[in-house]
Amino acid sequence: MDPEFGRGMAPRKREPWRTTLLLAYQSLGVVYGDLSISPLYVYKSTFAEDITHSESNEEIFGVLSFVFWTLTLIPLIKYVSIVLRADDNGEGGTFALYSLICRHANVSLLPNRQVADEELSTYKLEYPPEVANRSRIKEWLEKHKTLQTALLIMVMIGTCMVIGDGVLTPAISVFSAVSGLELSLSRDQHEYAVIPITCVILVFLFALQHYGTHRVGFLFAPIILAWLICMSMLGLYNIIHWNPQVYRSLNPYYMLKFLRKTKKSGWMSLGGILLCMTGSEAMFADLGHFSYSAIQLAFTTLVYPALILGYMGQAAYLSKHHTLNSTYQIGYYISVPESVRWPVLVLAILASVVGSQAIISGTFSIINQSQSLSCFPRVKVVHTSENIHGQIYIPEINWLLMVLCIAVTVGFRDTKHMGNASGLAVITVMLVTTCLTSLVIMLCWHRSPALALVFFLFFGSIEVLYFSASLIKFREGAWLPIMLALILMAVMFIWHHTTIKKYEFDLHNKVTLEWLLALGDKLGMVRVPGIGLVYTDLTSGVPANFSRFVTNLPAFHRVLVFVCVKSVPVPHVLPAERYLVGRVGPAGHRSYRCIVRYGYRDVHQDVDSFEAELVESLATFIKLDALYHRCSDAGSGSEQLDDGRYERENALTVIGTNPLRRCLSYEASHDGVSSVDAARSPNGIVEVPAAAAAAAAPVTKKVRFVVEAASPEVEKGVVEELQELCEAREAGTAFILGHSHVQTKPGSSLLKKLAVGVGYNFLRRNCRGPDVVLRVPPASLLEVGMVYVL
């Protein structure tokens with residue numbers, strides 16, 4: 001890493017050129033489908049109403065100049081050259097930027113954060129915390145919770161607009177491709193054919209989502225490659241045949257002439273021009289599936305030149321044809337020679353389906369990320385491929401998108417209104433990315449605020465210009481993404497806010513270990529065979545729902561495990577670092593705590609593999625905990641905490657899954673505050689016997705041991721504990737979950753009663769339960785009712 005510039009500007013590891021070429025080819029079908037089909041509707045949307053195509057050609061040449069410089073400045077320079085470098089361990093997208101910012105500044109509003117999370121190998125910081133300079137922006141963000149909430153709302157707005165784009169892009173893409181039939185059908189036939197055909201294709205497209213894209217994904221790249229080559233060849237033909245001098249209109253002077261002549265109507269037409277960069281955000285969002293060099297290579301050598309040739313070819317044709325039938329307007333197919341129009345039509349429809357598939361998959365992905373960060377109600381996520389990471393299917397969202405797409409197609413019935421709606425969604429996401437990248441430049445790359453301000457003002461001013469042109473068409477279609485965003489924002493904010501308040505309620509009402517042990521003596525607690533997994537969001541203490549359970553039914557399982565499944569602000573957590581295991585109470589109590597950590601792009605395990613890994617992790621912890629005590633006894637005779645007790649109640653251990661070497665770390669965690677809890681030698685390194693290999697670790701937060709698979713002979717107590725664990729697993733496992741109901745405090749405002757009392761409870765009743773998300777078998781489920789008064 002370059003200590004001056006940080007990882008964002010550091011040299012990247014080079015991959016073999018064959019791998020880069022293969023990834024660049026594969027990225028065509030996944031990343032560039034939406035961007036590649038934009039020529040189908042850009043000119044048609046631009047000239048739909050605001051401006052007309054005159055004999056002077058100033059309008060068409062001005063639009064071409066705008067398209068060229070927009071594609072150059074935004075996709076090429078902003079995304080390919082700058083934004084793609086702001087990756088989060090190779091992942092891109094809105095949540096990747098937010099994750100980066102949250103790791104470098106304490107601005108996350110997510111609950112149950114722990115210092116142990118910072119020790120994850122994917123939790124990378126550009127500078128160590130003690131070296132990084134404290135900027136005033138960072139201090140403001142960390143000091144004012146209002147700014148943190150505003151940052152999260154901005155991320156939510158970007159997410160909502162991506163989901164809105166998932167509704168609009170399939171509709172406008174397929175409709176624009178099918179509208180090529182207008183040149184071969186009469187007006188009456190066209191009106192009754194295009195809409196039904198578009199709806200049939202959309203139904204077919206969404207019906208295929210259940211099977212996953214991996215079954216037909218191998219066809220995506222060849223289709224887009226064929227479409228780009230076809231578009232380039234048609235563009236070259238039109239340039240050579242109709243107007244070889246069209247390249248002169250790439251001069252920015254033509255933009256000034258265009259605005260000088262068209263004035264307000266020209267500014268309003270920018271809402272159609274901005275559609276030329278539709279799909280640019282996909283380059284960043286899909287970064288995790290490919291690589292920076294592959295996406296850069298594909299765009300600069302193929303996609304960008306093909307798009308420029310395609311737009312220039314259309315402009316060259318239109319510059320020599322001014323008496324076009326108003327019925328057809330200015331579409332893409334009118335510049336296609338009649339002899340090849342039908343093959344081009346078929347290829348365009350296939351390319352539009354591929355482009356729509358990419359945005360649908362992206363919508364599934366971003367909703368899954370939102371759900372992981374407690375910003376979206378629980379939905380069922382189906383992983384359609386066992387081999388390809390990240391290919392998911394969400395049934396509820398899929399059918400909702402299909403209904404909305406068909407409603408948009410039938411309701412708008414033309415490219416103009418669809419383009420106005422899609423344009424506003426696209427440019428809003430880009431504005432959010434610009435704002436977040438500016439923060440990344442300051443907080444993560446540690447560049448000067450002046451450089452971040454230059455980035456923000458330069459690209460932000462361009463995007464604000466396009467945003468204003470889209471927003472002015474509110475009544476002509478732009479109202480749709482705003483309405484969708486408001487509905488989704490309300491859902492996401494209500495869910496996130498209430499989830500945080502529920503966590504705070506649990507934190508305030510948790511009970512102590514001493515209370516649990518004393519209660520057992522008073523009520524005559526009975527231990528039944530089996531393993532009881534108590535799910536909670538707390539990382540310490542005994543949750544209130546379990547105390548409610550044992551108060552009314554004084555019996556619980558012989559082996560008790562408090563399980564916390566949490567998301568951390570990293571894209572992936574390695575399996576070797578997923579489990580944090582510790583004891584709750586003395587060893588004879590047979591109670592443990594297990595914190596299971598997932599990244600926002602991780603795949604949650606099925607219940608069988610999770611149960612097996614959990615029991616294996618508990619067994620490993622028992623052995624290593626005994627070894628830890630022997631090491632402590634050898635070093636200091638005994639280990640005593642500050643309060644005089646010998647039991648490490650809140651110690652957590654990272655259990656690795658490597659059978660040859662297991663790495664563990666002890667961390668005494670009290671609501672996120674860590675302290676070292678190990679016997680240390682004078683030089684600050686933990687002493688371990690010769691049977692275990694010692695690994696040096698700083699004495700700041702935690703102590704690491706590396707234990708070989710051939711561990712010493714375990715003590716009798718360890719054998720008994722392992723035997724009880726084995727017997728408990730054979731007896732069966734019960735999953736204890738809280739079934740919550742939320743109500744507001746007396747005297748709460750009407751808005752709070754509507755949002756929390758009505759809105760959240762409605763969402764909770766109509767979304768998937770935690771048992772479905774955690775994949776708990778119904779026969780082993782035990783729900784405990786819990787009323788939250790917020």
Would you pick out the residues in the stretch 737-771 that are of a type in the set (Val, Ile, Thr) and over 29 Å from the mean Cα position of the chain (by Cα)? 744
Among the residues of the stretch 748-790, the number that are out of contact with any strand residue (DSSP E or B) (no Cβ under 8 Å at 6 or more places or on another chain) and among the β-branched types (Val, Ile, Thr) is 3
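Considering 277, 233, 268, 255, which residue is of a type in the set (A, V, I, L, M, F, W, C) and touching a Lys or Arg at 6+ places or on another chain (Cβ under 8 Å)?
Numbers: 277 fails: touching a Lys or Arg at 6+ places or on another chain (Cβ under 8 Å); 233 fails: touching a Lys or Arg at 6+ places or on another chain (Cβ under 8 Å); 255 fails: touching a Lys or Arg at 6+ places or on another chain (Cβ under 8 Å).
Being of a type in the set (A, V, I, L, M, F, W, C) and touching a Lys or Arg at 6+ places or on another chain (Cβ under 8 Å) holds for just one of 277, 233, 268, 255, which is 268.
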Number of the condition not met by residue 605 [criteria: (1) within 30 Å of residue 383 (Cα to Cα); (2) open to solvent by 10 Å² or more (accessible area, probe 1.4 Å); (3) at pLDDT 85 or above; (4) not in a helix (DSSP H, G or I)]: (3)
Testing residue 358 on (1) modelled with pLDDT of 90 or more; (2) among the hydrophobic types (A, V, I, L, M, F, W, C); (3) under 34 Å from the mean Cα position of the chain (by Cα), one condition comes back false. Which one is that? (1)
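Considering the stretch 20-68 alone, what residues qualify as being of a type in the set (D, E, K, R) and assigned to a helix (DSSP H, G or I)?
Pass one, the stretch 20-68, residues of a type in the set (D, E, K, R): 34, 44, 49-50, 55, 58-59.
If the condition is that a residue be of a type in the set (D, E, K, R) and assigned to a helix (DSSP H, G or I), then 34, 44, 58, 59 are the ones that fit.
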Within the stretch 533-568, tally of residues that are part of a strand (DSSP E or B), open to solvent by less than 10 Å² (accessible area, probe 1.4 Å) and of a type in the set (A, V, I, L, M): 7
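How many of the residues making up the stretch 254-302 are in a loop (DSSP other than H, G, I, E, B) and either outside the structural domain of residue 433 (by the TED database) or of a type outside the set (Asp, Glu) (or both)? Outline the logic, then answer.
Narrowing the stretch 254-302 to residues in a loop (DSSP other than H, G, I, E, B): 263, 278-279, 286, 290-291.
Subsequent filtering for residues that are either outside the structural domain of residue 433 (by the TED database) or of a type outside the set (Asp, Glu) (or both) retains 263, 278-279, 290-291.
Count: 5.
On the basis of being assigned by the TED database to the domain that holds residue 53 and not in a helix (DSSP H, G or I), does residue 310 make the cut? Outline the logic, then answer.
On the way: assigned by the TED database to the domain that holds residue 53: yes; not in a helix (DSSP H, G or I): no.
For residue 310, the condition - assigned by the TED database to the domain that holds residue 53 and not in a helix (DSSP H, G or I) - is not met.
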Residues within the stretch 266-297 that are in contact with a strand residue (DSSP E or B) (Cβ under 9 Å, 6 or more places away or on another chain) and of a type in the set (D, E, K, R), tallied: 0
Among the candidates 125, 141, which residue alone is under 23 Å from the mean Cα position of the chain (by Cα) and modelled with pLDDT of 85 or more? 141
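Of these, 464, 432, 426, which one is in a helix (DSSP H, G or I), over 24 Å from the mean Cα position of the chain (by Cα) and in the same structural domain as residue 197 (by the TED database)? Write out each step before concluding.
Numbers: 432 fails: over 24 Å from the mean Cα position of the chain (by Cα); 426 fails: over 24 Å from the mean Cα position of the chain (by Cα).
Exactly one of 464, 432, 426 is in a helix (DSSP H, G or I), over 24 Å from the mean Cα position of the chain (by Cα) and in the same structural domain as residue 197 (by the TED database), namely 464.
Conditions (1) out of contact with any Cys (no Cβ under 8 Å at 6 or more places or on another chain); (2) at pLDDT below 85; (3) of a type outside the set (A, V, I, L, M), marked per residue:
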site	(1), (2), (3)
43	yes, no, yes
47	yes, no, yes
52	yes, yes, yes
74	yes, no, no
97	yes, no, no
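Restricting to the stretch 753-765, name every residue that is free of Cβ contacts under 8 Å to residues at least 12 places away in the same chain and not β-branched (Val, Ile, Thr). Walk me through it before giving the result.
Going residue by residue through the stretch 753-765, those that are free of Cβ contacts under 8 Å to residues at least 12 places away in the same chain are 753-754, 758, 762, 765.
Passing the criteria: 753, 754, 762, 765.
Residues in the stretch 99-120: is at least one under 30 Å from residue 246 (Cα atoms), in a helix (DSSP H, G or I) and modelled with pLDDT of 80 or more? Give the derivation first.
At the first step, the residues of the stretch 99-120 found to be under 30 Å from residue 246 (Cα atoms) are none.
Among the residues of the stretch 99-120, not one is under 30 Å from residue 246 (Cα atoms), in a helix (DSSP H, G or I) and modelled with pLDDT of 80 or more, which makes the answer no.
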Would you be able to say whether some residue in the stretch 326-336 is within 35 Å of the chain's Cα centre (by Cα) and outside any loop (DSSP other than H, G, I, E, B)? no
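The values are calculated or read from the model by the stated rules, or taken from the named source; none is laboratory data. Quantities reported herein were computed from a predicted structural model and do not represent experimental measurements. Cβ sites come from the backbone with ideal geometry, for glycine too, and all protein chains shown count toward neighbours. To get the accessible areas, we keep the full protein, side chains included, count just its heavy atoms, and leave off ligands, DNA and RNA. Shrake-Rupley method; radii C 1.70, N 1.55, O 1.52, S 1.80 Å.
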